[in-house]
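Trainee: This is the structure, below, for whatever I ask next.
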Amino acid sequence: MNFRTIVLIASVASVGTFAQNGAQPDWSKVEQETMQHYQVVLRLDTRNPPGNEHLVVDYLKPLFDKEGIPAQSFASDPNRSNFVARLKGNGKKRPLLIIGHSDVVTVDAAKWKFPPFSATRDGGYVYGRGTIDDKDNLTASLMTMLLLKRLNVPLDRDVIFLSEAGEEGSTGVGIDYMVREHFADIDAEYCLAEGGGVTRINGEVKYATVQTLEKIPRGIELVAHGISGHGSIPLKSNAIVHLASAVGRIGEWRPEIRFNETTGTYFRRLAAISPPEVAKVYRDVLSTDPKVRAAADDWLFENEPRHSSMLRTSVSPNIFTGGYRSNVIPSEAKATLDVRALPDEDPAKFLEQVRRIVNDPAVEVRFASQNARPAGKEARLDSEPFKALEAAATRIYNAPTLPTMSTGATDMAQLRAKGMQCFGIGPATDMEDGPKGFGAHSDQERLLESELHRFVRFNWEVVTDLARAK
Ligand SMILES: [Zn+2]
């Protein structure tokens with residue numbers, strides 16, 4: 001008897017009681033199948049570049065066909081396909097979109113104890129590129145779709161599954177293409193994607209995070225113009241000197257602190273579960289007393305720079321170029337600032353502020369290029385999905401939920417810009433694993449098997465909570 005038959009029998013037996021308490025999957029069988037799909041997709045080499053995400057689609061398509069779930073692939077480049085499957089609901093509510101991206105970042109194979117596309121199981125972990133970014137979300141969403149179909153769960157809304165190409169730096173074949181050319185196929189009221197997670201410290205779950213907002217990259221360039229000349233005769237207009245002073249002033253500057261619903265709630269909830277000394281810092285930074293706030297801000301900048309960045313539009317000078325030989329004074333020097341704007345920041349006004357800080361007519365201040373990501377609205381904390389996520393985190397992880405604004409960008413930006421409320425989720429990982437080099441994009445990557453399974457369950461409970469007919 002194969003796995004599918006067992007599930008079908010189990011589902012037939014329990015279908016009648018679904019309306020009351022919901023049919024439950026046979027979790028031990030689900031775990032076997034989860035691990036099987038997870039390992040298969042991890043073994044598909046979809047490192048980007050070049051991507052080759054069609055490998056994942058080639059695996060998914062027959063799987064969905066066999067289950068009788070309507071599905072279709074969409075591609076601007078045949079090697080880089082996206083894949084959309086839909087379970088129909090009764091139309092009472094607008095759809096729910098669940099997303100996993102199928103590409104992964106590149107690898108330096110020499111740094112891996114187990115080959116990066118081997119999906120080796122060892123000591124309770126699965127090792128491989130993509131284990132936590134993002135073939136975990138991909139697998140959990142896949143399993144949720146299969147279970148909804150097999151258990152024949154009646155739905156108040158369509159549930160749409162998207163396996164998305166190009167998230168790691170080539171959104172043109174992925175989310176941008178889907179939003180531009182096939183938005184009707186993924187249009188939804190809510191979406192769930194990567195970007196959150198559950199934090200364990202010393203093996204114990206501390207809190208869950210749900211990404212409800214993200215900062216917007218808005219690079220700025222400083223270009224100093226001067227007079228060129230012979231290096232033996234120093235000039236007051238030396239472009240490198242002007243640029244260096246401008247960059248120095250920018251480096252000293254910390255733009256004003258501003259909270260939104262997400263970050264305010266985040267720091268309040270984090271304070272509530274942190275040791276007293278650091279809890280005081282999180283409370284102080286929310287203070288309306290400028291002195292109290294500034295001291296907390298200083299501490300965060302030095303000790304928890306990610307939290308410092310969450311407080312404001314951040315500016316980091318990351319490229320500095322000028323000059324080409326030692327005896328020539330160059331006429332131009334250029335610095336590139338990585339600016340991560342708070343979503344409500346007015347770009348033109350911010351550029352003016354940068355000009356005032358630079359305060360040098362010899363230094364031109366301009367936006368670096370077109371913004372790669374549009375600004376969108378914060379997902380609401382009083383919404384149905386956030387409440388469902390919180391409730392599931394309490395049930396499954398016995399943990400409080402912190403809404404987060406990520407400092408980096410994700411593909412949810414494009415969907416939020418279209419009005420979708422998006423929530424970033426993820427499995428539990430050990431906080432100690434990042435510094436050990438096992439995090440997303442690290443030299444190695446791994447996920448605890450038990451946490452993969454717990455995440456599938458979390459995904460299933462949240463999706464059924466949001467979509468099941470009531
Ligand atoms: Zn990712």
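The values are calculated or read from the model by the stated rules, or taken from the named source; none is laboratory data. Only a predicted model underlies this, so the values are computations on that prediction, with no experimental measurement involved. Here the Cβ is made from the backbone with ideal geometry for all residues, glycine too, and neighbour counts use every protein chain on show. Just the protein is used for accessible areas: all its heavy atoms, side chains included, with ligands, DNA and RNA removed. Shrake-Rupley method; radii C 1.70, N 1.55, O 1.52, S 1.80 Å.
Trainee: Please go through region 422-457 and give me each residue that is more than 21 Å from VAL107 (Cα to Cα), open to solvent by 40 Å² or more (accessible area, probe 1.4 Å) and acidic (Asp, Glu), ordered by number. Can you show your working first?
Mentor: The first filter runs over region 422-457 and keeps only residues more than 21 Å from VAL107 (Cα to Cα), leaving 422-428, 430-432, 449-457.
Add one more test, that the residue is open to solvent by 40 Å² or more (accessible area, probe 1.4 Å), and what stays is 431-432, 450, 454, 457.
The answer is GLU432, and nothing else.
Trainee: Under 6 Å by Cβ, and 6 or more places apart or on different chains, what pairs join a residue from region 439-462 that is more than 9 Å from ALA428 (Cα to Cα) with one that is part of a helix (DSSP H, G or I) and within 16 Å of the ligand (Cβ to nearest atom)?
Mentor: GLN444/PHE438; ARG446/PHE438; VAL456/ALA140; ASN459/ALA140
Trainee: What are the residues in region 295-315 that are open to solvent by less than 50 Å² (accessible area, probe 1.4 Å) and either among the small types (Gly, Ala, Ser) or on the phi > 0 side of the Ramachandran plot (or both), if any? Spell out the reasoning first.
Mentor: Taking region 295-315 and keeping what is open to solvent by less than 50 Å² (accessible area, probe 1.4 Å), we get 296-297, 300, 304, 307-315.
Residues satisfying the conditions are ALA296, SER308, SER309, SER314.
Trainee: I'd like the full set of residues that are of a type in the set (Lys, Arg), under 17 Å from LEU337 (Cα atoms) and surrounded by fewer than 19 Cβ atoms within 10 Å (Cβ to Cβ), limited to region 213-262. Give the derivation first.
Mentor: First, the residues of region 213-262 that are of a type in the set (Lys, Arg): 215, 218, 236, 249, 254, 258.
Then drop every residue that is not under 17 Å from LEU337 (Cα atoms), which leaves 215, 218, 249, 254.
Of everything in region 213-262, those that are of a type in the set (Lys, Arg), under 17 Å from LEU337 (Cα atoms) and surrounded by fewer than 19 Cβ atoms within 10 Å (Cβ to Cβ) turn out to be ARG249, ARG254.
Trainee: Do we find a residue being within 30 Å of ARG355 (Cα to Cα), more than 16 Å from the ligand (Cβ to nearest atom) and touching a residue at least 60 places away in the same chain (Cβ under 8 Å) anywhere in region 197-213? Explain how you work it out, then say what you get.
Mentor: Restricting attention to region 197-213, the residues satisfying the condition of being within 30 Å of ARG355 (Cα to Cα) are 213.
With the extra rule that they be more than 16 Å from the ligand (Cβ to nearest atom), the set shrinks to 213.
Then keep just the ones that are touching a residue at least 60 places away in the same chain (Cβ under 8 Å); that gives 213.
Scanning region 197-213, I find at least one residue that is within 30 Å of ARG355 (Cα to Cα), more than 16 Å from the ligand (Cβ to nearest atom) and touching a residue at least 60 places away in the same chain (Cβ under 8 Å), so the answer is yes.
Trainee: Which residue pairs have Cβ atoms under 7 Å apart, sit 6 or more places apart or on different chains, and have a first residue in region 57-77 that is under 25 Å from ASP176 (Cα atoms) and a second that is of a type in the set (Ser, Thr, Tyr) and in a helix (DSSP H, G or I)?
Mentor: SER76/TYR177
Trainee: Right, here's the next one. Taking region 62-115 only, how many residues are open to solvent by less than 30 Å² (accessible area, probe 1.4 Å), closer than 21 Å to ALA140 by Cβ and either within 16 Å of the ligand (Cβ to nearest atom) or not in a loop (DSSP other than H, G, I, E, B) (or both)?
Mentor: Number of matching residues: 19.
Trainee: Let me ask another. Out of all the residues in region 181-193, is one or more over 24 Å from PRO62 (Cα atoms), within 16 Å of the ligand (Cβ to nearest atom) and touching a Cys at 6+ places or on another chain (Cβ under 6 Å)?
Mentor: Yes, region 181-193 contains at least one residue that is over 24 Å from PRO62 (Cα atoms), within 16 Å of the ligand (Cβ to nearest atom) and touching a Cys at 6+ places or on another chain (Cβ under 6 Å).
Trainee: Now for a different question. Of the residues that sit in region 335-363 and are assigned to a strand (DSSP E or B) and closer than 18 Å to PRO217 by Cβ, which one is most open to solvent (accessible area, probe 1.4 Å)? Let's see the steps before the verdict.
Mentor: As a first pass, look at region 335-363 and keep what is assigned to a strand (DSSP E or B): 335-341, 363.
Filter again for closer than 18 Å to PRO217 by Cβ, leaving 335-341.
On the way: ALA335: 1, THR336: 34, LEU337: 1, ASP338: 48, VAL339: 3, ARG340: 65, ALA341: 4 Å².
Out of the qualifying residues, it is ARG340.
Trainee: Please enumerate the residues belonging to region 160-202 that are in contact with an Asp or Glu (Cβ under 7 Å, 6 or more places away or on another chain) and over 25 Å from ASN52 (Cβ atoms).
Mentor: ARG200
Trainee: For SER118, work out the one condition from (1) in contact with a strand residue (DSSP E or B) (Cβ under 6 Å, 6 or more places away or on another chain); (2) over 20 Å from ILE175 (Cα atoms) it doesn't fulfil.
Mentor: Unmet for SER118, out of (1) in contact with a strand residue (DSSP E or B) (Cβ under 6 Å, 6 or more places away or on another chain); (2) over 20 Å from ILE175 (Cα atoms): (1).
Trainee: Moving on. Using beta carbons and a limit of 6 Å, which pairs, at least six apart or on different chains, have the first residue in region 159-170 and open to solvent by less than 10 Å² (accessible area, probe 1.4 Å) and the second one away from the ligand (no atom under 12 Å from the Cβ) and modelled with pLDDT under 95?
Mentor: none
Trainee: Going through region 127-152 one residue at a time, which ones are away from the ligand (no atom under 16 Å from the Cβ) and out of contact with any Gly (no Cβ under 8 Å at 6 or more places or on another chain)?
Mentor: TYR127, MET143, THR144, MET145, LEU146, LEU147, LEU148, ARG150, LEU151, ASN152 - these are the residues of region 127-152 that are away from the ligand (no atom under 16 Å from the Cβ) and out of contact with any Gly (no Cβ under 8 Å at 6 or more places or on another chain).
Trainee: Shifting gears a bit: Can you tell me how many residues in region 45-93 are hydroxyl-bearing (Ser, Thr, Tyr), in contact with a Lys or Arg (Cβ under 9 Å, 6 or more places away or on another chain) and within 30 Å of ASP108 (Cα to Cα)?
Mentor: To start, the set of residues in region 45-93 that are hydroxyl-bearing (Ser, Thr, Tyr) comprises 46, 59, 73, 76, 81.
Narrowing the set further to residues that are in contact with a Lys or Arg (Cβ under 9 Å, 6 or more places away or on another chain) leaves 46, 73.
When the remaining residues are screened for being within 30 Å of ASP108 (Cα to Cα), the result is 46.
Matching residues across region 45-93 total 1.
Trainee: Exactly one of these conditions fails for GLY419: (1) more than 16 Å from the ligand (Cβ to nearest atom); (2) open to solvent by 30 Å² or more (accessible area, probe 1.4 Å); (3) over 22 Å from TYR190 (Cα atoms). Give me its number.
Mentor: With respect to (1) more than 16 Å from the ligand (Cβ to nearest atom); (2) open to solvent by 30 Å² or more (accessible area, probe 1.4 Å); (3) over 22 Å from TYR190 (Cα atoms), GLY419 is out only on (3).
Trainee: For region 119-126, does any single residue satisfy the condition of being free of Cβ contacts under 8 Å to residues at least 24 places away in the same chain, part of a loop (DSSP other than H, G, I, E, B) and either within 16 Å of the ligand (Cβ to nearest atom) or not hydrophobic (A, V, I, L, M, F, W, C) (or both)? Write out each step before concluding.
Mentor: Step one: filter region 119-126 for residues free of Cβ contacts under 8 Å to residues at least 24 places away in the same chain, giving 120, 122-123.
Then keep just the ones that are part of a loop (DSSP other than H, G, I, E, B); that gives 123.
Next, from what is left, pick out any that are either within 16 Å of the ligand (Cβ to nearest atom) or not hydrophobic (A, V, I, L, M, F, W, C) (or both): 123.
Within region 119-126 (the criterion being free of Cβ contacts under 8 Å to residues at least 24 places away in the same chain, part of a loop (DSSP other than H, G, I, E, B) and either within 16 Å of the ligand (Cβ to nearest atom) or not hydrophobic (A, V, I, L, M, F, W, C) (or both)), the answer is yes, since at least one residue qualifies.
Trainee: Shifting gears a bit: Condition test on PRO385, is it modelled with pLDDT of 95 or more, surrounded by fewer than 23 Cβ atoms within 10 Å (Cβ to Cβ) and more than 16 Å from the ligand (Cβ to nearest atom)? Spell out the reasoning first.
Mentor: On the way: modelled with pLDDT of 95 or more: yes; surrounded by fewer than 23 Cβ atoms within 10 Å (Cβ to Cβ): no; more than 16 Å from the ligand (Cβ to nearest atom): yes.
Spelling it out, it is not the case that PRO385 is modelled with pLDDT of 95 or more, surrounded by fewer than 23 Cβ atoms within 10 Å (Cβ to Cβ) and more than 16 Å from the ligand (Cβ to nearest atom).
Trainee: So, in region 424-459, exactly how many residues are part of a helix (DSSP H, G or I) and under 27 Å from LYS387 (Cβ atoms)?
Mentor: Pass one, region 424-459, residues part of a helix (DSSP H, G or I): 431-438, 449-459.
Subset that is under 27 Å from LYS387 (Cβ atoms): 431, 450-459.
Result for region 424-459: 11.
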